[in-house]
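Peer 1: Take this structure first; my questions come after.
The values are calculated or read from the model by the stated rules, or taken from the named source; none is laboratory data. Quick caveat, the model's predicted, so the values are computed rather than measured. With ideal geometry, Cβ positions are generated from the backbone for all residues, glycine too; neighbour counts draw on all protein chains shown. Accessible surface is based on the protein model in full, side chains and every heavy atom, while ligands, DNA and RNA are left aside. Shrake-Rupley method; radii C 1.70, N 1.55, O 1.52, S 1.80 Å.
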Amino acid sequence: MRIDIATLFPEMFEPVLQTSIPGRAAAGGFATYHLHDIREFADNRHRKVDDRPFGGGPGMVMMCQPLHDCVQAIEAADPTPATRVLMTPQGERMEQRHVEMLAGRERLLIIAGHYEGVDERVIEALDPIELSIGDYVLSGGELPAMVLTDAVVRLLPGVLGHDDSAREDSFAEREFDDQGRRRLLEGPHYTRPRVWNDRAVPDVLLSGDHQAVEAWRRQQMVERTRQRRPDLLNRDP
Ligand code: 9D3
């Protein structure tokens, strides 16, 4: 998969995309990342890409022309059609179903907004999928673009080890259902030592009784989900 990212801060992305799973995806040739600085498409001496909002109000608005020219140049650089995604607080809240849909595309063009917002006319002209990563205020769309990239590339075939893909294939172990909805929260995890600061690992996990372990884990998952995420229980099938 080719992932193009249009941003005012390309330098923010490089360490994140070269590390951990996104880094492995690139090193293995499963994903390529192409960063583009929207400011390089400013057509004025001062490299200005924002301006004051018509009608007044606080903050600055990202201008149409630099972003539009940036997207045209990105798309012209490779004939593969790109799925355009704008990261914006006005978007649909991103969930695993969006991630799965985007992981099936050959090429993504992710636009990280900044400032108060993007001029509505260039959004209309580009007609991107608009996504938010949740209802809290960030300084821009850069971190959301990285979140989306991480979530997508880990789904690309071959990126995760065999263990993980085998696990994803096993229905009972799947984290998400066919509609991309989270099923149950995970239960607690434990490793050595058996006692740490007077806290012991639950006896059942040391019992060697595999059936009892599975029953206990299931009960922990259900109880934790009831307490923390009751919205996940008793939903439409
Ligand atoms: C504090 C300013 N807000 C109202 C006066 C509006 C606002 C504008 C721009 C709030 C945040 C931003 C920058 N954020 C994003 O571009 C963004 C975002 C986010 O802030 N939260 C969750 N998902 C996303 S995706 C893009």
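Peer 1: Give me the percent of the accessible area of the stretch 168-233 that comes from carbon and sulfur atoms, probe 1.4 Å, all protein chains in place.
Peer 2: 47 percent
Peer 1: Enumerate the amide H contacts of L8 below 5 Å, restricted to partners 5 or more residues apart or on another chain; note that Pro and chain-start residues carry no placed amide H.
Peer 2: I38
Peer 1: Can you list the HN-Hα couplings for the stretch 100-111, worked out from phi with the Karplus curve (6.51, -1.76, 1.60; θ = phi - 60°), rounded to whole Hz and with x for Gly and Pro?
Peer 2: 5, 4, 6, 5, x, 8, 6, 8, 10, 10, 9, 9
Peer 1: How would the stretch 53-124 be classified by its alpha-carbon gyration tensor: rounded, prolate or oblate, with rounded meaning a/c under 1.5 and the a/b versus b/c comparison settling the rest?
Peer 2: Oblate shape, in that a/c is at least 1.5 and b/c is the bigger or equal ratio.
Peer 1: Kindly identify the stretch 1-66 as rounded, prolate or oblate by the Cα gyration tensor criterion: order the square roots of the eigenvalues as a ≥ b ≥ c, call it rounded if a/c is under 1.5, otherwise compare a/b with b/c, prolate if a/b is larger, else oblate.
Peer 2: Prolate, since a/c reaches 1.5 and a/b exceeds b/c.
Peer 1: Also, I was wondering about something else. Going by a ≥ b ≥ c, the root eigenvalues of the Cα gyration tensor, does the chain fall in the rounded group (a/c under 1.5), the prolate group (a/b larger than b/c) or the oblate group?
Peer 2: prolate
Peer 1: Can you pull the percent of the stretch 1-59's accessible area that's carbon plus sulfur, 1.4 Å probe, other chains left in place?
Peer 2: Here it works out to 53 percent.
Peer 1: Just to be sure I understand the model, the point goes 7 Å from the Cα along the line to the Cβ. What's the resulting E223 to R181 distance in nm?
Peer 2: 2.5 nm
Peer 1: Let me ask something else about it. Could you order W216, W196 so the one with the most accessible surface comes first? Probe is 1.4 Å.
Peer 2: W196, W216
Peer 1: Using a 1.4 angstrom probe on the protein heavy atoms only, line up M12, M94 by accessible area, largest first.
Peer 2: Order by accessible area, largest first: M12, M94.
Peer 1: Applying the Karplus parametrisation 6.51 cos²θ - 1.76 cosθ + 1.60 with θ = phi - 60° to the phi angles of the stretch 192-205, what ³J(HN,Hα) value in whole Hz is obtained for each residue in order, glycine and proline being reported as x?
Peer 2: Couplings: 4, x, 5, 10, 9, 6, 6, 9, 9, 6, x, 3, 4, 6 Hz.
Peer 1: Using Cα pairs closer than 8 Å and at least 6 residues apart in sequence, work out the relative contact order for the chain, in percent.
Peer 2: The value is 20 percent.
Peer 1: Taking H as built 1.01 Å from N, whose amide H comes closer than 5 Å to the amide H of S132, not counting residues under 5 places away?
Peer 2: Counting only residues 5 or more places away or on other chains, the set is T88, G91, E92, R93, M94.
Peer 1: Considering only DSSP beta bridges where both residues belong to the stretch 2-153, give the percentage that are antiparallel (nearest 5).
Peer 2: Percentage antiparallel, nearest 5: 10.
Peer 1: Right, something else. Which ³J(HN,Hα) values in Hz, rounded to whole numbers, follow from the phi angles of the stretch 131-148 under the Karplus curve 6.51 cos²θ - 1.76 cosθ + 1.60, where θ = phi - 60° and Gly and Pro get x?
Peer 2: With coefficients 6.51, -1.76 and 1.60, one gets 10, 10, 9, x, 8, 8, 8, 10, 7, x, x, 5, 4, x, 5, 5, 4, 4 Hz.
Peer 1: Averaged per residue, what accessible surface does the chain expose to a 1.4 Å probe, in Å²?
Peer 2: On a per-residue basis, the chain sits at 62 Å².
Peer 1: For a quick check: with amide H placed at 1.01 Å from N, whose amide H comes under 5 Å from A31's, ignoring anything fewer than 5 positions away on the same chain?
Peer 2: Placed amide hydrogens put A26 under 5 Å from A31.
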